Amino acid sequence: MTSTSHFLVNLVGILILLVIVQFWLNRLHQNQIVTEIVMGFSLSATVVLCMLYPFQINDGITFNLRFIPFVLGCLYSHKITSMWLTFLIICLRLMHGLEVSWFPCVSLLIFFLITTKLKPFYNNLPMVKKIIFSGVLMLFMSIWIIVGDKLLFHVPITIELFFSYSVFQSFGILLVVYIMESNKEKQSLLDKIIRMEKVEVVSHLAASISHEVRNPLTTTRGFLQLLNESKAIPEVEKSYLTVAMQELDQAERIIRDYLTFAKPAPEEIESLNLKKEIERTINIIVPLANMNIVELSSELESCYIKGNAGLFQQGLVNLLKNGIEAMPSGGTLSIVGTVEKTLAKVSITDNGVGMTDLQIKRLGEPYFSTKEIRGTGLGMMVAFRIIESMNGTIKVESEPGKGTRITLSFPLNTSG
Ligand code: ADP
Ligand code: MG
């Protein structure tokens, strides 16, 4: 009975500390450093709690669930946090005396290396596979420890004990990963709904006012152009007219973005040769790249997707422009187009300023821009909308100071 209650103390401790803390962090959209520190503290507290309350499975043989926070740390936290947890567990184990502790300590180091190596693979798995993966990993660790104890120290391990130990551990991690992952999924769904609502409002507004504003703008620009050609106006004053026309052009660009956004469903859907369309778009962007000392490199495989050429180019221009603008002191923008199974993939990679997790989350939100007066905060929103209308998906990977990779995936058009 005491054993069961200690097992529950272990499990409840893990759940309370990790799940609630993670939920709270998700809700408040904390930045990465705060998240890491809070995760580090809660994982350490859980490890200590588990080791303080071991539970007995069989006569005199005690276990605890310290591997659960340890594995979670390796899979979900920064490498420094998982190293710290490894160090903490080893220190606590060594308090029991070196003789009984060398095997768990060496095993822990091996588990640390394996788990951190598998972390990138784990991160790309869907929710169900993550849960299965963590369960299998824990089962492997349990078997390792039990078999090691039996062979090296001749610990009297029965089949029953073997089962309870591996089931306790694997069940524990399955439960925690399930709760953590479903929390994460719920949160991202909520973020998506909030974003869609905002987009909906902007879309209505855009559709209703863009047309009305565009016509007077065009007329005004026409008259300014006439004045600019007039001989009665001195050259100095003509420079004011040039500035006025540039500003009108900027306003026109914003309105054009809005209109595409409000009406992204293209009238004419055709079969697009991805390679050709990307090459055309690169030609459009060359002058901007040259101005920013950015080198453009492309490696494109020929394939076909469905969409509207004009819209596709506009979406791509917005992404390429962002890549160039992210490298104010020059760099390389590489565009790679490949075919993977039934998908055409286009990845745009820059080595520019990069983005934080919070900035990635806000991408595509209307008016989100870090470029102050130079930015409109509409480019990504338009690009997202165009790509979604082509049944495509966007994946953003970025690291501040290192660069950004945006990967677009479109279903291949096999019919034409
Ligand atoms: P704008 O370019 O007018 O600011 P966008 O919607 O095109 O608006 O982009 C929104 C913001 O996303 C940018 O201000 C920038 O902070 C960020 N961003 C987009 N692409 C990149 C990139 N490749 N590298 C770094 N930051 C980017
Ligand atoms: Mg932009």
### Task
Determine the dipole magnitude for segment 203-262: charges of +1 sit on the beta-carbon of Lys and Arg, -1 on that of Asp and Glu, nothing else is charged, the reference point is the Cα centre, and the result goes in debye to the nearest 20.
100
### Message
Among Gly310, Val201, Gly392, whose Cα projects farthest towards the positive end of the dipole of the chain, with charges put on the beta-carbon of Lys, Arg (+1) and Asp, Glu (-1)?
### Response
Gly392
### Message
If I take R0 = 25 Å and measure r between the Cβ atoms of His154 and Met95 in this structure, what FRET efficiency does the formula 1/(1 + (r/R0)^6) give, to the nearest 0.05?
### Response
0.60
### Message
Please compute, over every Cα-Cα pair in segment 270-411, the percentage with a separation greater than 21 angstrom.
### Response
38
### Task
Could you work out the equivalent-ellipsoid semi-axes for the chain, taking the square root of 5 times each eigenvalue of the Cα gyration tensor, largest first, in whole Å?
57, 22, 20
### Query
Just from its helices, what would the mean residue ellipticity at 222 nm be for the chain, if runs of 4 or more DSSP H residues each count -39500 (n - 2.57) and the sum is divided by every residue, rounded to the nearest 500 deg cm²/dmol?
-22500 deg cm²/dmol
### Message
If the reach is capped at under 18 angstrom between alpha carbons, list the aspartates and glutamates near Lys186, excluding any in the same chain fewer than eight residues apart.
### Response
Glu197, Asp357
#### Entry: Radius 10 Å from Cβ of Lys395, net charge of other residues (Lys, Arg +1; Asp, Glu -1)
+1
### Query
Over the chain, what is the percentage of antiparallel beta bridges among all DSSP beta bridges, to the nearest 5?
80
### Query
Packing-wise, with mean Cβ within 10 Å as the measure, how do 46-52, 340-346 rank, highest first?
46-52, 340-346
## Note on the structure
Of 197-204, 154-161, ordering from highest average Cβ density within 10 Å down gives 197-204, 154-161
### Task
Report, ordered by chain and residue number, the lysines lying within cross-link reach of Lys117, taken as a straight Cα distance under 22 Å and ignoring same-chain residues fewer than 8 apart.
Lys79, Lys129, Lys130, Lys402
### Summary
With +1 on the Cβ of every Lys and Arg and -1 on the Cβ of every Asp and Glu, the dipole magnitude of the chain about its Cα centre, in debye rounded to the nearest 20, is 420
### Query
Restricting to segment 270-411, what percent of DSSP beta bridges are antiparallel, rounded to 5?
80
#### Entry: Charge dipole (segment 2-193, unit charges on Cβ, about Cα centre) - positive-most of Val177, Leu139, Gln187
Gln187
### Query
Using mean Cβ contacts within 10 Å as the protection proxy, how do 126-135, 68-77 order, highest first?
68-77, 126-135
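The numbers here are math on the coordinates, done by the rules we state, and not lab data. Please read these numbers as outputs of a predicted model, since none were measured by experiment. Cβ atoms come from the backbone with ideal geometry, glycine included; neighbour counts cover every protein chain shown.
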